[in-house]
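Accompanying notes for the structure given below.
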Amino acid sequence: MKQIIKKSLIGIGLYLLAGILFSGYHHYMFITFLLLNIFVSYFVVRNKEKKEARHNLIWINAPILSLLLITSFFTDGIRVVIPYLIFSILGTISLYYYVTSPSKKVAFFVVGLVLITVGVFSFESISGVSDTFDGSYYFDLYKKIVNK
């Protein structure tokens, strides 16, 4: 049971880390979450058997994706969550096939690059979020830290 809770907290922690890094700006959170999710999931399941790898990947991704889906119903943010659901699941499936059949490493990297590229460029059209990132937040934060 402790292992399941630890695995569940990995996915939630990665989403929170991406949210903290980019102050909730989903355009950058999305790509960061996808990359972190795939890399951390790989390091968790790289030396596991097929069944154990499948269970670990499910427990890493299911809690955060279900949490995002449930909260989106209450906040009317389902359009922002759809890219997370689609591309996280596709990334996890491709990672599972990479771990279970390591002879297809090139195919995994090609599929991964295509998923990330399509995800980044389609995020704005799927989610409807078209605001530009305001980098002045980080500049103001830097000025506050330096001037103290």
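The values are calculated or read from the model by the stated rules, or taken from the named source; none is laboratory data. Just so it is clear, the model here is predicted, and its values are computed rather than measured. Don't worry about glycine lacking a Cβ; one is built from the backbone with ideal geometry, like all the others, and counts go over all protein chains shown.
Data for the structure
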quantity: Filter result (aromatic (Phe, Trp, Tyr) and over 16 Å from the mean Cα position of the chain (by Cα)) within segment 55-85; calculated: Phe73, Phe74
quantity: Segment 66-87 residues that are free of Cβ contacts under 8 Å to residues at least 60 places away in the same chain and over 15 Å from Asn37 (Cβ atoms), paired with ones that are charged (D, E, K, R) and in a loop (DSSP other than H, G, I, E, B) (beta carbon under 7 Å, 6 or more apart); calculated: none
quantity: Any helices (runs of 4 or more DSSP H) falling wholly within segment 51-148 and containing at least 1 residues that are in contact with a Leu (Cβ under 9 Å, 6 or more places away or on another chain), at pLDDT 70 or above and buried (at least 17 other Cβ atoms within 10 Å of the Cβ); calculated: 78-100, 105-127
quantity: Hey, Lys7 over 15 Å from the mean Cα position of the chain (by Cα), at pLDDT below 85, more than 22 Å from Val114 (Cα to Cα) and surrounded by 15 or more Cβ atoms within 10 Å (Cβ to Cβ) or not; calculated: no
